[in-house]
Amino acid sequence: MTGSLLEVIALNVRDAVAAEQGGADRLEVVADMAADGLTPSPETVAAIAAECPLPQMVMLRCDANFAADPDVLARLGRDAKALAQAGAAGFVFGFLDGAGAVDLAATEALIHAVSPLPWTFHRAVDHAADIQASWRAVRLLPNLATVLTSGSPTGVGEGLAVLKARAEAGDGSIILAGGGLRPAHVPVLLDYGIRAFHVGSAVRASWSDPVEWRLVRQWRALVERD
């Protein structure tokens with residue numbers, strides 16, 4: 001990756017346009033942040049695509065947990081086709097099994113369903129029973145663009161040591177740092193060699209308020225600092 005990547009969560013067209021105006025590189029498009037982000041409608045993705053040229057990484061998630069049974073996978077596969085037709089540039093998903101390990105069978109099934117589009121493994125990786133084992137599993141999966149991670153279930157502030165260790169292990173190029181990300185974390189992460197950043201609540205007054213382009217602009221300047 002050359003330079004830094006700034007990804008902004010968008011719930012609708014207004015968010016997307018403000019993210020673009022502020023200098024974001026791409027969007028994570030979701031619905032229902034009360035459940036930490038669920039699959040949006042194809043209509044939302046199409047409406048954003050009509051007004052905003054930024055790539056849309058679209059969430060594939062039915063509920064607020066990280067489990068996926070065959071019915072869930074079938075539903076998400078159907079959703080992915082409709083979302084791709086609506087303008088999705090890639091997807092965001094990832095699953096854990098009952099023991100807290102990466103559910104490779106479920107994840108690989110959805111990778112196949114969205115192929116050849118790239119995808120992000122979301123913060124399920126931070127909730128795995130064995131963080132190192134989960135990273136070993138995820139980093140070898142095909143078409144993986146980034147791993148959205150804070151290094152800890154509670155956020156970047158508690159996960160800096162894990163993010164540093166993952167960067168030192170050679171995973172810095174796929175880390176998308178997000179989840180409780182604060183401005184003070186950015187210089188530290190840049191020092192680790194991490195160049196991709198994900199913001200949501202940090203660029204709006206609350207989840208019921210729209211993205212503010214001026215706040216996005218501030219993050220753009222921050223992540224570009226040497």
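The values are calculated or read from the model by the stated rules, or taken from the named source; none is laboratory data. What you are looking at is a predicted structure, and each value in this text was computed from that prediction instead of being measured. Don't worry about glycine lacking a Cβ; one is built from the backbone with ideal geometry, like all the others, and counts go over all protein chains shown. Areas reflect the complete protein model, heavy atoms only, side chains present, ligands, DNA and RNA absent. Shrake-Rupley method; radii C 1.70, N 1.55, O 1.52, S 1.80 Å.
Using the structure shown, decide if GLY157 is surrounded by 15 or more Cβ atoms within 10 Å (Cβ to Cβ) and in a helix (DSSP H, G or I).
Details: surrounded by 15 or more Cβ atoms within 10 Å (Cβ to Cβ): yes; in a helix (DSSP H, G or I): yes.
For GLY157, the condition - surrounded by 15 or more Cβ atoms within 10 Å (Cβ to Cβ) and in a helix (DSSP H, G or I) - is met.
Can you find, within the range 60-80, the residue that is surrounded by the most Cβ atoms within 10 Å (Cβ to Cβ) among those that are under 19 Å from ALA105 (Cα atoms) and aliphatic (A, V, I, L, M)?
LEU60
Find the residue count for the range 164-189, including only residues that are part of a helix (DSSP H, G or I) and touching a residue at least 60 places away in the same chain (Cβ under 8 Å).
Count: 1.
Which one of ARG217, ARG139 is of a type in the set (Lys, Arg), open to solvent by 10 Å² or more (accessible area, probe 1.4 Å) and modelled with pLDDT of 95 or more?
None of the others qualify; the one that does is ARG217.
Output the residue which, of all residues in the range 9-35 that are modelled with pLDDT of 95 or more and among the charged types (D, E, K, R), is most open to solvent (accessible area, probe 1.4 Å). Lay out the reasoning, then the answer.
From the range 9-35, those modelled with pLDDT of 95 or more are 9-31; that's our starting set.
Narrowing the set further to residues that are among the charged types (D, E, K, R) leaves 14-15, 20, 25-26, 28.
On the way: ARG14: 166, ASP15: 2, GLU20: 72, ASP25: 59, ARG26: 26, GLU28: 8 Å².
This residue is ARG14.
Step by step: first the residues of the range 160-179, then only those that are over 17 Å from the mean Cα position of the chain (by Cα) and not charged (D, E, K, R), then the one that is most open to solvent (accessible area, probe 1.4 Å). Which residue is that?
Only one residue fits best here, namely ALA161.
What's the number of the condition ARG136 fails, among (1) in a helix (DSSP H, G or I); (2) more than 24 Å from ASN65 (Cβ to Cβ); (3) free of Cβ contacts under 8 Å to residues at least 24 places away in the same chain?
Failed condition: (2).
ALA18 - would you say it is under 20 Å from GLY200 (Cα atoms), assigned to a loop (DSSP other than H, G, I, E, B) and either touching a Ser or Thr at 6+ places or on another chain (Cβ under 8 Å) or in contact (Cβ under 8 Å) with a residue 40 or more places away in the chain (or both)?
The answer is no for ALA18.
Tally time: how many residues in the range 61-107 are of a type in the set (A, V, I, L, M), closer than 24 Å to GLN132 by Cα and either out of contact with any Cys (no Cβ under 9 Å at 6 or more places or on another chain) or modelled with pLDDT of 95 or more (or both)? Explain how you work it out, then say what you get.
Taking the range 61-107 as the starting set, the residues that turn out to be of a type in the set (A, V, I, L, M) are 64, 67-68, 72-74, 76, 80, 82-84, 86, 88-89, 92, 96, 99, 101-102, 104-106.
Checking which are closer than 24 Å to GLN132 by Cα leaves us with 64, 67-68, 92, 96, 99, 101-102, 104-106.
Keeping just the survivors that are either out of contact with any Cys (no Cβ under 9 Å at 6 or more places or on another chain) or modelled with pLDDT of 95 or more (or both) gives 64, 67, 92, 96, 99, 101-102, 104-106.
Total meeting the criteria: 10.
Please find, among ARG139, ARG123, the residue that is touching a helix residue (DSSP H, G or I) at 6+ places or on another chain (Cβ under 7 Å) and among the basic types (Lys, Arg).
ARG139
Name every residue in the range 109-133 that is within 17 Å of GLY172 (Cβ to Cβ) and either assigned to a loop (DSSP other than H, G, I, E, B) or touching a Leu at 6+ places or on another chain (Cβ under 7 Å) (or both), in order of residue number.
So the first thing to find is which residues in the range 109-133 are within 17 Å of GLY172 (Cβ to Cβ), and the list is 120-121, 125-126, 131-132.
Once the filter is applied, which keeps residues that are within 17 Å of GLY172 (Cβ to Cβ) and either assigned to a loop (DSSP other than H, G, I, E, B) or touching a Leu at 6+ places or on another chain (Cβ under 7 Å) (or both), the range 109-133 yields THR120, PHE121.
Given (1) in contact with a helix residue (DSSP H, G or I) (Cβ under 8 Å, 6 or more places away or on another chain); (2) crowded, with 17+ Cβ neighbours inside 10 Å, where does ARG182 come up short, assuming only one miss?
Condition (2) is where ARG182 drops out.
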